[in-house]
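Here is the structure we will look at.
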Amino acid sequence: MTAPSNAFAQPSISDLTAFAKAVDYSLMDRLTPDPDGTSDGNDHQARQVFSGHYVRVKPTAMAHAEYISHSQALFAQLGLADALVHDDGFRQLFSGDLSQAPAPMLRYGWATGYALSIYGTEYTQQCPFRTGNGYGDGRAMSIFEGVFRGQRYEMQLKGGGATAYCRGGDGRAVLRSSVREFLAQEFMHALGVPSSRSLSLYVSKSETAARPWYAPNSNSADPDIMVDNPVAISTRVASSFLRVGQIELFARRARVNAHDHALPELAAIVAHLIEREYPSEIDPNLAFHQQIIELAKSFRTRLSQLVAHWLRVGFCQGNFNSDNCHAGGLTLDYGPFGFCEAFDPGFQPWTGGGQHFAFFNQAAAAEANFHMFWLALRTLLAKDEPAIAQLDEVRNGFKVEIQQQCQTMWAAKLGLSEFPPQLFRQLIQLMTQTKLDYTIFFRELSHLPKDIERLKKSFYQSTSAELDQQWQHWLDQWLDLIANEKPDLNTIKSKMQLTNPKYTWREWLVAPAYEQARQGDYSLIAELKQVFNDPYSEQEPAIEAKYYRLKPNHFFNAGGISHYSCSS
């Protein structure tokens, strides 16, 4: 998988007035606002939202905002001049102050409600009213939707203050979590994994928020101290922020006829999802029931491919609930995520996540989310038995689809044209038995070594003669399969090295970046951006020495490094 190209035309937008002209609020123009909401967005108290697709909300400006970073790659993609990020009006806008937003921009944004299902089970306990009507974007709000160079993008502040869905929270994000999300989204994009993107990151020089976290050198499973952390606002960008949980919310209401407009609201948001995320795949001239079936097929493929990508690069979405499952097949919500270092199929970085969201269980979690999506779509088909039968067939084919996508991915990681089931099972057994680094192992394998000495660079501890013999036997079998491939060995090496990244996310190297940022030093963030922007290449020796190495022993079981809470 090659990194996305950054070759774009010269920027055409160099001031905020030109930026504002790109605005096109398709969601607010075509969907229904909460009828109980305010017209100006002054709506910051937790309350129940009974109907409507969105709530108008005005961000809470962050005091004394200071620039930390922005994505040069995304700016180039959008046609924005890099200098724009230092413009006072731009900084004001993306640190939560819309009071001077130039027309035709509105001076408020919007937040959305959604339902929560965990592994296919509906929950309402996380809603303070125990009804599900208070669950949604508690500290995220979209402030812009527009078209740049023919593509539609939505821009969402993370940490922009309380909304009607805040559930009693302050609506802020702290610097630690904001740095992580800012870096992770762009890293995933560079890895070739579908993801929301990072536009900008600003920090307050005077406002802080207290969050539970880990004491220095703590080995506690749960946070053991309260930490005052600077608040920050990152802006994330996607084609939309429509989630499975959003579709699910309206289906729940329609099934119980919660109000007179429940079923039309479900139909409207599904139609909007098709328009926003699947315009090139679903013919708008098809009958709506047929569009629904095509939507299920397309989403099944995208979701399966997404999970295959996650496994390929070692990513674990620690809370892959329906509300964190993007309905267009993007990686979304970088909270309790992590990247597998010491290989473990049960790797789970979030202390509250449970094994059902562990690294190798993500396919099953995806199926549970797809199940809720299927149930929601089924609600729209009423008693159309032929359409229901087609939709059910799509649902029943999910397991086969994701298995095929994952097997194709594993074959590519191994440099093979076909998936070798027995050899793969042997490999996973050896990888589990041997404490090894997931990324370094596959990168070293990409050099097609004849013996296991090169692979030992990924081993965390010495191995026995018997284990070495087992590894060599596996390697010999694999090399025999490689020899039967049609491309020459150099082509196989190149393809493997574009599938297996050289550099990965290592929490023990990222944590110092946000710790230094608290002191006003953003240099390590800039360095990580540079490394993460080119994860498949052989970078300079100093970078390799620092970032292509095993996790030091003292970071194992370290709170905030090997595991962490969802506190953000």
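If you wrap a convex hull around the alpha carbons of region 488-568, what volume per residue comes out, as a whole number of Å³?
In region 488-568, the Cα convex hull volume per residue is 130 Å³.
Any idea what the dipole of the chain comes to, in debye rounded to 20, about its Cα centre with Lys/Arg Cβ at +1 and Asp/Glu Cβ at -1?
Magnitude of the dipole: close to 280 debye.
Taking square-rooted eigenvalues a ≥ b ≥ c of the alpha carbon gyration tensor, is region 416-497 rounded, prolate or oblate, where a/c under 1.5 means rounded and, failing that, a/b exceeding b/c means prolate?
Values: a/c = 1.88, a/b = 1.52, b/c = 1.23.
Because a/c hits 1.5 or more and a/b exceeds b/c, region 416-497 counts as prolate.
Taking LYS297 as the anchor, which lysines have their alpha carbon closer than 18 Å to its alpha carbon, excluding any fewer than eight residues away along the same chain?
The reachable lysines, counting only those whose Cα sits under 18 Å from LYS297, are LYS399.
Cβ under 15 Å from PRO501's Cβ, PRO501 left aside: what net charge do those residues give with Lys, Arg +1 and Asp, Glu -1?
Details: positive: ARG312, LYS413, ARG443, LYS493, LYS495, LYS502, ARG506, ARG549; negative: GLU186, GLU341, ASP437, GLU444, ASP534, GLU538, GLU544.
Net charge around PRO501: +1.
Diagonalise the Cα gyration tensor of the chain and give the resulting equivalent ellipsoid semi-axes, square root of 5 times each eigenvalue, largest first, whole Å.
Three semi-axes, in Å: 38, 29, 23.
Which loop trypsin sites (Lys or Arg not before Pro) in region 366-412, with loop taken from DSSP, have no more than 15 other Cβ atoms within 10 angstrom of their Cβ?
Passing both the DSSP loop test and the Cβ count: LYS383.
Just check region 248-409 against the gyration tensor rule for me: Cα atoms, a ≥ b ≥ c as the square roots of the eigenvalues, rounded for a/c under 1.5, and otherwise prolate or oblate depending on whether a/b exceeds b/c.
prolate
Sum -39500 (n - 2.57) across every DSSP H segment of at least 4 residues in the chain, then divide by the residue count to get the 222 nm mean residue ellipticity, nearest 500.
Per the formula, -12000 deg cm²/dmol.
By a straight-distance test (C-alpha under 13 Å), which aspartates and glutamates pair with LYS529 as possible cross-link partners, with residues fewer than eight away in the same chain excluded?
Cα-Cα hits under 13 Å: GLU181, GLU186.
Of LYS435/LYS502; LYS456/LYS546; LYS450/LYS495; LYS450/LYS551, which ones are farther than 22 Å apart at the Cα?
LYS450/LYS551
Give me Rg/Rg_expected for region 16-242, where Rg uses Cα atoms only and Rg_expected = 2.2 N^0.38 Å with N residues.
In units of the 2.2 N^0.38 Å rule of thumb, it is 1.02.
Pairs of alpha-carbon atoms within less than 8 angstrom and 6+ residues apart define the contacts here; what relative contact order does region 248-409 have, in percent?
In percent, rounded to a whole number, it is 27.
Mind ordering 154-166, 32-44, 453-465, 90-102 by average Cβ neighbours within 10 Å, highest first?
Per-residue mean Cβ counts within 10 Å order the peptides as 154-166, 90-102, 32-44, 453-465.
Short version: ³J(HN,Hα) in whole Hz for each residue of region 86-103, in order, from phi by Karplus 6.51 cos²θ - 1.76 cosθ + 1.60 (θ = phi - 60°), x for Gly and Pro, what are they?
Rounded to whole hertz, the list is 9, 5, 4, x, 5, 4, 4, 4, 8, 10, x, 10, 9, 5, 10, 4, x, 4.
Once the other residues with Cβ under 12 Å from the Cβ of PRO386 are scored (Lys, Arg +1; Asp, Glu -1), what is the net sum?
-3
Given 25 °C and 0.890 mPa s, compute D for region 94-205 with the Stokes-Einstein relation, Rh being the Kirkwood radius over Cα pairs; round to the nearest whole µm²/s.
In µm²/s, the coefficient is 154.
Please report Rg over Rh for region 124-181, where both radii come from the alpha carbon positions and Rh follows the Kirkwood definition. Can you show the working numbers first?
Working: Rg = 14.2 Å, Rh = 12.9 Å.
Rg/Rh: 1.10.
Tell me, what is the percent relative contact order of the chain, built from C-alpha pairs under 8 Å that lie six or more residues apart? Please list the in-between numbers first.
Values: 1130 pairs, mean separation 85.3, N = 568.
Relative contact order for the chain comes out at 15 percent.
Values in this text are rule-based calculations from the coordinates and carry no lab data. All of these numbers come straight from a predicted model, not from anything done at the bench. Note that we place each Cβ from the backbone using ideal geometry, even for glycine, and neighbour counts take in every protein chain shown.
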